[in-house]
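Report on one structure; see the data block that follows.
The values are calculated or read from the model by the stated rules, or taken from the named source; none is laboratory data. These numbers come from a predicted model, not from an experiment. Virtual Cβ from ideal backbone geometry, glycine too; neighbours counted across all protein chains shown.
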Amino acid sequence: MRSHKLVPLAKAISRVRAHYPGDLVAVRLCQEGKHLLYVLTVLPRSGKVVTASVDAATGVLVGGS
């Protein structure tokens, strides 16, 4: 079993909230190939749900919609 060093979830949440302010609805840790991603669902004031992905190893925001 391979161990992974992950950035703290709080850092991923902070990174996403900086780009998509709003209420955090859900958080998942997903595997995408060899990469682990935090996938966060945010409900901004606009009411349009946003799903953002953060690389769990680096803390880099890699996607959002």
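Go through (1) surrounded by 13 or more Cβ atoms within 10 Å (Cβ to Cβ); (2) basic (Lys, Arg); (3) assigned to a loop (DSSP other than H, G, I, E, B) for Arg17 and report which single condition fails. So the condition that Arg17 fails would be (3). Restricting attention to the stretch 23-65, the residues that are assigned to a strand (DSSP E or B) and more than 17 Å from His4 (Cβ to Cβ) add up to 14.
Could we say that Leu24 is exposed (fewer than 15 other Cβ atoms within 10 Å of the Cβ), modelled with pLDDT of 95 or more, at negative phi and touching a helix residue (DSSP H, G or I) at 6+ places or on another chain (Cβ under 7 Å) here? Yes.
Pairs meeting the criteria (first residue in the stretch 35-59 and at positive phi, second residue assigned to a strand (DSSP E or B), beta carbons under 8 Å, at least 6 apart or on different chains) are lacking.
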